[in-house]
Amino acid sequence: MQPFKTHRGLVATLDRANVDTDQIIPKQFLKSIARTGFGEHLFHDWRYLPDGTPNPDFELNAPRFRGASILVTRHNFGCGSSREHAVWAIQQDGFRAVIAPRFAEIFRTNSQKNGLLTVELAEAEVEEIVQMAGRYPGLEATVDLEHQRVVLHLPEEIAFHFEIDPGIKTRLTHGLDEIGLTFKHESAITKFEHQHNPQWFGS
């Protein structure tokens, strides 16, 4: 899992609440047994017209958001089913962090397991970022996990503090998924196995 410490990137805004996982990655794209190839289908039903061409009315198709890596959206992002593919699609489309007032719990957990940083800010703070992104095309921000800050790079910088569970912060900054966490205790596990199950080791 790729560590997350500090990331600076272009801000894109998805000004919609209650975006569920079927909107993030529709069910018809879940048939693959691989964990790749989902990025091009992110927000598919909004992103494309019936003939497969990009929908010019979908906000993330705007040229000013091309190459964005920080997504700012509204309340209850990631609600609906528990599909982990939603996180994979967001990451594979180039996003490293998502900012919202609140995330659906399962989506937030899946994000933490896959190295996607979810930042919860107050409604008013998210609104300010949305307004600044509209006022300043090409707005960039830095998401600093170590200091738990989001900084908007404006003529006069604006910063927002966010809270995060210390254990999750450690996992993300070191790029540790659940398997990686287990391997941190490999020597202790091996010692325990030798002491309690010596027949496994021929003694």
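Each reported figure results from applying straightforward, stated rules to the coordinates on display, with no laboratory input. Predicted model only: the values in this text are computed from it and were never measured. We place every Cβ from the backbone using ideal geometry, glycine too, and count neighbours over all the protein chains shown.
Figures for the structure shown
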read-out: Per DSSP, loop GluC sites (Glu not before Pro) in region 121-178 with at most 14 further Cβ within 10 Å; value: GLU146, GLU156, GLU157, GLU163
read-out: Length-normalised contact order of the chain in % [C-alpha pairs under 8 Å, at least 6 apart]; value: 25 percent
read-out: Convex hull projection area averaged over all views, the chain, Cα basis, nm²; value: 13.8 nm²
read-out: For region 1-40, the Rg and Dmax computed from alpha carbons only, in angstrom; value: 14.0, 35
read-out: Listed residues LEU71, PHE38, LEU145: farthest to the positive end of the dipole of the chain (Cβ charges); value: PHE38
read-out: Hz values of 3J(HN,Hα) by residue in region 11-24 - Karplus curve (6.51, -1.76, 1.60), Gly and Pro given as x; value: 8, 10, 10, 10, 7, 9, 9, 6, 6, 8, 5, 6, 7, 5
read-out: 222 nm mean residue ellipticity, helices alone, for the chain (DSSP H n ≥ 4; -39,500 (n - 2.57); rounded to 500); value: -8500 deg cm²/dmol
read-out: The chain: angle of helix 123-135 to the longest principal axis, Cα-based, in degrees nearest 10; value: 50 degrees
read-out: Ellipsoid semi-axes in whole angstrom, largest first, where each is sqrt(5λ) of the Cα gyration tensor of region 79-149; value: 22, 14, 13
read-out: Compactness relative to 2.2 N^0.38 Å, alpha carbon Rg of region 1-117; value: 0.99
read-out: 12 Å beta-carbon shell around ALA133, net charge (K/R +1, D/E -1); value: -3
